[in-house]
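> Here's a structure for you.
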Amino acid sequence: MPARLRCEHLVEPLGIGTATPRLDWIVEAADAGARGLAQSAWQVVARADGRELWDSGRVASAATTDIAWRSEEHTSELQSH
């Protein structure tokens with residue numbers, strides 16, 4: 001499960017100062033006793049004001065850092081989740 005979600009290496013930033021922010025997270029097992037688990041794909045879905053801003057679609061990748069925001073809609077006035 002994703003945990004410690006960050007944008008531009010900040011947790012819940014109020015402002016980021018870039019039009020193409022980078023996202024990152026760590027992966028934690030739902031079962032604390034689980035061993036040998038690894039991420040094989042990811043998908044980011046960002047929403048603001050009840051509408052979808054960006055859906056990356058499923059990306060086959062183990063990457064968890066510096067995932068570039070690809071939405072054209074992101075502006076400084078939007079707070080996305």
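The values are calculated or read from the model by the stated rules, or taken from the named source; none is laboratory data. Keep in mind that what you see is a predicted model, and the values were worked out from it rather than measured. A quick note on method: Cβ atoms are made from the backbone with ideal geometry, for glycine too, and the neighbour counts reach across all protein chains shown. We work out accessible area using only protein heavy atoms, side chains counted, and drop any ligands, DNA or RNA first. Shrake-Rupley method; radii C 1.70, N 1.55, O 1.52, S 1.80 Å.
> Go through segment 14-58 and give me each residue that's over 13 Å from the mean Cα position of the chain (by Cα) and either among the polar types (S, T, N, Q) or under 18 Å from R70 (Cα atoms) (or both).
Passing the criteria: G15, I16, G17, T18, A19, Q39, S40, A48, R51, E52.
> While we're here: Within the group E28, E73, which residue is out of contact with any helix residue (DSSP H, G or I) (no Cβ under 9 Å at 6 or more places or on another chain), modelled with pLDDT under 85 and surrounded by 10 or more Cβ atoms within 10 Å (Cβ to Cβ)?
Details: E28 fails: modelled with pLDDT under 85.
Step by step, each of E28, E73 is checked, and only E73 is out of contact with any helix residue (DSSP H, G or I) (no Cβ under 9 Å at 6 or more places or on another chain), modelled with pLDDT under 85 and surrounded by 10 or more Cβ atoms within 10 Å (Cβ to Cβ).
> Sort out which residues of segment 31-50 are open to solvent by 90 Å² or more (accessible area, probe 1.4 Å) and in a strand (DSSP E or B), and write them in order of number.
Residue satisfying the conditions is R47 alone.
> Collect the residues in segment 2-30 that are in contact with a strand residue (DSSP E or B) (Cβ under 8 Å, 6 or more places away or on another chain) and either at positive phi or assigned to a loop (DSSP other than H, G, I, E, B) (or both), keeping them in residue-number order.
Residues of segment 2-30 that are in contact with a strand residue (DSSP E or B) (Cβ under 8 Å, 6 or more places away or on another chain), as a first pass: 2-9, 11, 13, 16, 20-28.
Hits for segment 2-30 are R4, E8, H9, V11, P13, I16, T20, P21, E28.
> To continue, here is another question. State the number of residues belonging to segment 1-13 that are modelled with pLDDT under 85 and more than 10 Å from the chain's Cα centre (by Cα). Break it down into steps so the answer makes sense when it comes.
Residues of segment 1-13 that are modelled with pLDDT under 85, as a first pass: 1-2.
Still in the running and more than 10 Å from the chain's Cα centre (by Cα): 1.
Residues in segment 1-13 being modelled with pLDDT under 85 and more than 10 Å from the chain's Cα centre (by Cα): 1 in total.
> Please count how many residues of segment 9-25 are surrounded by 10 or more Cβ atoms within 10 Å (Cβ to Cβ) and among the aliphatic types (A, V, I, L, M).
The total comes to 4.
> On to the next question. Can we say L53 is outside any strand (DSSP E or B) and modelled with pLDDT under 90?
Working: outside any strand (DSSP E or B): no; modelled with pLDDT under 90: yes.
For L53, the condition - outside any strand (DSSP E or B) and modelled with pLDDT under 90 - is not met.
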